[in-house]
């Protein structure tokens, strides 16, 4: 586990520059997984060099997959086929990655060998019954620790059967776990969601030659198919770009260009919310890379107005709420968030932790079980605890740029899980940010 690190941030100056945001974490995870299962050699460009994604790559190396790193952000994966993974000698460490653990649970449920998935202290507090229970209905055998938490002990040699899953809670991770298990199941696996979630797994399965039918909120996959190696170009991560979109929006005089950011329609709820708040964000040089829409995002400072965030946007911006809370603190009237109970069980209780941090800095926040009302005000200096949550740490680094005094942000080491190089990019664009 990473040593404890702290930041001292802000107040800062106008933000300027052209930034290359690291590759999308969700796509990087999936690219390595599917390339490992494919027949042939796949090349991945734009791979995120983060602790989470490296943990996933290390797991597949342990499972007998040869993975080369010709240069930073590149991987050459020598696929072993859907039936070629080898039994691991010990537990498989997912680090801090809930995505990695949940998707791997589905994939490993169909193997002939037993396996154990574990992770760091934060990950081992997160709920996993949401995947173990629907996988069990397909015939998987997964034992968990108390309250359905990791480690996950997965029994091999089970005969999986395709099932029709009507999910009560929309979750791209649960959907993806079921589809990956479906590769090893007899018959069709169908996943129906109450609200559409990001479709990275469906798009990438199709890119690797799998016959999969999908539309918003629905996916159907026939078991027993093989994957064919391909080349994957990973776009810049929208969740990472979000911090700079917010920063440039609230810091007077700012203008940033973020290059070739992934704009999957199931990922960009924050973009719609920010535009509803009056943000000045334009798309340029739009194209499609590997089935994923991308564009440069040009963002300039603009006065923001408080809104009631449409609940229909919530599933498409669940990872961006820490950043949105900061934007809301600088709007002209309160912003109301509802329907986001999922935030309570992320890397931290993101509603509670963001509310506590903002209150420490002088902002009134009224919490509810599934959201909050953020009342704008003058942000003061102070000390906030990120509780090891990478997105909360970066959100408060943004907030500090327009605070009236310095902000100490505690426990920021896990920023490396999703956004290695954040500090360098931030300081290069004008952030006041240093280690304390």
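Sorted by average packing, counted as other Cβ atoms within 10 angstrom per residue and highest first, what order do 14-26, 243-255 take?
Top to bottom by mean Cβ count within 10 Å: 243-255, 14-26.
In whole Å, what three semi-axes, largest first, describe the equivalent ellipsoid of the chain built from its Cα gyration tensor (square root of 5 times each eigenvalue)?
So the three semi-axes of the chain are 36, 22, 21 Å.
Note down the nm distance, to one decimal, between modelled labels 7 Å out along Cα→Cβ at residue 427 and at residue 133.
In this crude label model, residue 427 to residue 133 measures out at 4.7 nm.
What is the spread of the Cα atoms of region 57-118 along each of their three principal axes, largest first, in whole Å?
That works out to 33, 27, 19 Å along the principal axes.
Only bridges whose two residues both fall in the chain count here: according to DSSP, what percent of them are antiparallel, nearest 5?
In the chain, DSSP labels about 70 percent of beta bridges as antiparallel.
Using the alpha-carbon atoms, what tilt in degrees (0 to 90, nearest 10) does helix 51-62 show relative to the longest principal axis of the chain?
10 degrees
For the chain, find the longest principal axis of its Cα atoms and tell me its angle to the long axis of helix 172-182, 0 to 90°, nearest 10.
On a 0 to 90 degree scale, this one is about 10.
Starting from a Cα-only point model with no solvent, please compute log10 I(q)/I(0) by Debye for region 351-436 at q = 0.18, 0.23, 0.24, 0.26 1/Å.
Per q value, in the given order, log10 I(q)/I(0) is -0.77, -1.15, -1.22, -1.34.
Output the relative contact order of region 25-233, whole-number percent, from Cα pairs under 8 angstrom with separation of 6+ residues.
21 percent
What length, rounded to one decimal in nm, is gained on full extension from residue 147 through to residue 206, with 0.36 nm per residue of separation minus their alpha-carbon distance?
Length difference between fully extended and current span is 17.7 nm.
So for each of 256-267, 175-186 I average, over its residues, the number of other beta carbons within 10 Å; can you give me the resulting order with the highest mean first?
Sorting 256-267, 175-186 by mean packing, highest first, produces 175-186, 256-267.
Peptides 204-215, 136-147: what's the order by average Cβ count within 10 Å, highest mean first?
Result, highest mean Cβ count within 10 Å first: 204-215, 136-147.
When the chain is fully extended, how far beyond the present Cα-Cα distance does residue 406 get from residue 78, taking 0.36 nm per residue of separation?
Once the chain is fully extended between residue 406 and residue 78, it gains 113.2 nm.
Run the numbers for residue 276 and residue 368: contour at 0.36 nm per residue of separation, minus the present Cα-Cα distance, in nm.
Once the chain is fully extended between residue 276 and residue 368, it gains 30.9 nm.
How big, on average over all directions, is the shadow cast by the Cα convex hull of region 25-233, in nm²?
9.8 nm²
Quick check: pseudo-label points 7 Å beyond the Cα along Cα→Cβ at residue 124 and residue 380, how many nm apart are they?
Spacing of the two 7 Å Cα→Cβ label points: 3.9 nm.
Mind checking which of 241, 327, 403 has the largest fluctuation in a GNM of the chain, springs on alpha carbons under 10 Å?
403
Roughly what would the spin-label model give for residue 39 and residue 285, points 7 Å off Cα along C-beta, in nm?
Distance between the two pseudo-spin positions: 3.9 nm.
Quick note: the coordinates plus some simple rules give every number you see, no bench work behind them. Note that the structure is predicted; figures quoted are calculated from it, not measured. All Cβ positions, even for glycine, are placed from backbone atoms using ideal geometry, and neighbour counts span all protein chains on display.
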